[in-house]
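Trainee: Below is the structure I would like to discuss, written out as structure tokens.
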Amino acid sequence: MTAISVRESAMHADRSFLGHPKGLAFLSITEGFERFSYYGMIALLVLYMTGQLLTPGHVEHVAGLSVVRPILERIYGGGAHFSNTQLASAIYAVYSSTVYLTPLIGGVIADRVGRTGTIIVGASVMALGHFLMAFDASFLLALVCLMIGAGCLKGNIATQVGALYAAGDTRRADGFQIFYLGINGGVIFGPMITGWLGQGIAWHLGFGAAGVAMVIALMIYLAGRKHLPPDPPRGAVARAAAKVDAPPMSGREWGALILLVCLLPVLALSIVGNNQIYNSYLVWAQANADLHFLGIRILTSQMLSVDSIVSVITLIGMVVFWRVWKTRFPEPDELGKIAIGCFFGAVGVACLAAGSALTPAGQKVSFHWLLAFHLLNDIGFANVLPVGLALFSRAAPKQMAGLVIGIYYLHLWAGNNLVGYLGTLYEKMTPVQFWLLHAGLVGGAGVAFVVIRLLFGRLLLPGQPAEPDYVLADAQKTP
């Protein structure tokens, strides 16, 4: 038995952290602080750009912006000259979408040089990026560092969580739930603290807090290295181990793969209401909403913490709801749940339009309309993103299961680009028109999922014995 095998066996048998391997504690806390830094920064990003960075006296000092600006105007505005709000939306679009592309590159790098080293480099580059946000000149470089660092860290650390457990270990699912508790903690407290520092005192204090959180994440990861999974073999050894006699894909599997790819643009439409929370929603809320709840003033950037708290509650609530539902009624399949989620999300965004329409001129939109939006939108989100991931992981052909999961996240890249483009329309529309547009897109995605389910849903059903004659009818069929 090799030294790596001995270490893996000891790690798999470890139950010193809540009945799980000790490495889970280090990975969960690391990811919690990383998410603190990410969401803490993104809560400030658009508000910072519109409130300071892109204003006279600051915008002239941003290195490279004179080159980047016309490119963004051509891509997102057809060449039209952007206002500060439109430019901020376009920059947000590039950043928030690219962080879902770079993990594909980070995975390739990790396969070649090792996951542990890739994660360490990624965390270091992310910390550097947060601290570079303290200077006007290095703003664009800071975003590049954050995108590269997230790519090296995002997918690889989750892969290490899975590697803590042996094949067939029933603790794996519980381990990921504990891991996501760390994520949710970071998502809730990140905007709350950085918003208070950045928006309430000074922008750079908020960005600095995000950088400190990333340094803490790196230190915790380094402290726990001996408890983490060893890197898998690479090079010729890995290629030799990967030589398995996999059967060719059947016609039905090809049909399912094509249908999954075709779902991506519809999924991209389904998330525009939710993901606009990080962009134009903050600008709109700051100017138009009464951000007081039970007598407590809430900073605009802290609305992301409000959304995170509501999201955690609704995620738990939906799990319980569907478990109770299926004891008395048939449970919808994944496409059905996603369609239901889209309709809830559409009604949620429509609450913002209704609040804007019903609020008398000169008055602020009541916080209750915002709370209704977050509640309904997060119920919808709980039935779209995690259910979509479950659908792709279940229906993906076994020969390319990992690739299909990577493909699934491309809808977030496309959706965030669309969110950025829609944000450039904010100043050209009334708030009622702007939010009704989003509600229509999300509701339209729900209708599309209903139609797709009726016409092609059989392709994605588990254990379907027969293949429809309209998909790859001449392809080889396997039992």
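Bear in mind that the values in this text are calculations on the coordinates, not laboratory data. Because the structure is predicted, anything quoted here is derived from the model rather than measured. Neighbour counts are summed over all protein chains in view; Cβ atoms, including those assigned to glycine, are modelled from backbone coordinates with ideal geometry.
Trainee: May I ask you to work out the translational diffusion coefficient for region 327-380 at 4 °C, viscosity 1.567 mPa s, via Stokes-Einstein with Rh from the Kirkwood sum over Cα pairs, reported in whole µm²/s?
Mentor: Translational D for this selection: 104 µm²/s.
Trainee: Take every Cα pair under 8 Å in region 16-233 that's 6+ residues apart, average their separations, divide by the length, and report that relative contact order as a whole percent.
Mentor: 39
Trainee: Pairs of alpha-carbon atoms within less than 8 angstrom and 6+ residues apart define the contacts here; what relative contact order does the chain have, in percent? Could the numbers behind the result be given before it?
Mentor: Numbers: 718 pairs, mean separation 111.1, N = 479.
Computed value for the chain: 23 percent relative contact order.
Trainee: Further question: Chymotrypsin sites (Phe, Trp or Tyr not before Pro) within region 34-109: which are DSSP loop residues with at most 11 other Cβ atoms inside 10 Å?
Mentor: Filter output for region 34-109: empty list.
Trainee: Another question, then. What number does region 249-467 give for Rg over Rh if you use C-alpha atoms and the Kirkwood radius?
Mentor: My calculation puts Rg/Rh at 1.02.
Trainee: Mind checking which of Leu391, Leu304, Ala268 is farthest towards the positive end of region 249-467's charge dipole, using Cβ charges of +1 (Lys, Arg) and -1 (Asp, Glu) about the Cα centre?
Mentor: Leu391
Trainee: With each pseudo-label sitting 7 Å past Cα toward Cβ, what's the Phe176-Arg74 distance in nm, one decimal?
Mentor: The modelled label-to-label distance comes out at 4.2 nm.
Trainee: Moving on. Report the convex hull volume per residue for region 159-222, counting only C-alpha atoms, in Å³.
Mentor: Considering the Cα atoms of region 159-222, their hull volume per residue is 75 Å³.
Trainee: With charges only on Cβ, +1 for K and R and -1 for D and E, what is the dipole size of the chain about its Cα centre, in debye, rounded to 20?
Mentor: In total the dipole reaches around 740 debye.
Trainee: Which FRET efficiency, nearest 0.05, do Ala166 and Leu454 yield, Cβ-Cβ r, R0 51 Å? Walk me through the numbers on the way to the answer.
Mentor: Values: r = 42 Å, r/R0 = 0.83.
The formula returns an efficiency of 0.75 here.
Trainee: While we're on this one: List the residues, sorted by chain then number, that are 5 or more residues from Phe17 or on another chain and whose placed amide H is less than 5 Å from its amide H.
Mentor: Under 5 Å from the amide H of Phe17: Lys22.
Trainee: How big is the Rg/Rh ratio for the chain, C-alpha atoms only, Rh by Kirkwood, two decimals?
Mentor: My calculation puts Rg/Rh at 0.97.
Trainee: Under the rule of -39500 (n - 2.57) per DSSP H run of 4 or more residues, summed and divided by the residues of the chain, what mean residue ellipticity at 222 nm is obtained, to the nearest 500 deg cm²/dmol?
Mentor: That comes out to -23000 deg cm²/dmol.
Trainee: Amide H neighbours of Ala289 under 5 Å, at least 5 residues apart or on other chains, H built in the peptide plane: list them.
Mentor: Excluding prolines and chain starts, which carry no amide H, the hits are Val365.
Trainee: For region 16-233, just list the percent of Cα-Cα distances falling in each 10 Å bin from zero outward, please.
Mentor: Bins of 10 Å from zero give 9, 32, 32, 18, 8, 2 percent of pairs.
Trainee: Still on this structure, I have one more. Treat every Asp and Glu Cβ in region 249-467 as -1 and every Lys and Arg Cβ as +1, leave all other atoms uncharged, and give the resulting dipole magnitude about the Cα centre to the nearest 20 debye.
Mentor: The dipole magnitude comes to about 300 debye.
Trainee: At 7 Å along the Cα-to-beta-carbon direction for both Ile105 and Ala134, put a label point, then send me their distance in nm to one decimal.
Mentor: Taking the simple label geometry, Ile105 and Ala134 are separated by 2.7 nm.
Trainee: Per residue, what volume in Å³ does the Cα convex hull of region 267-329 take up?
Mentor: On the way: hull volume 7.9 nm³, N = 63.
Convex hull of Cα atoms, per residue: 125 Å³.
Trainee: Identify the residues of region 419-449 with backbone N under 20 Å of a label point that sits 7 angstrom from the Cα of Trp325 along the Cα-to-Cβ direction, or state none.
Mentor: Within reach of a label on Trp325: 442-449.
Trainee: How big is Rg to Rh over region 34-75, alpha-carbon atoms, Rh as the Kirkwood inverse-mean-distance radius?
Mentor: Using Cα coordinates only, the ratio equals 1.07.
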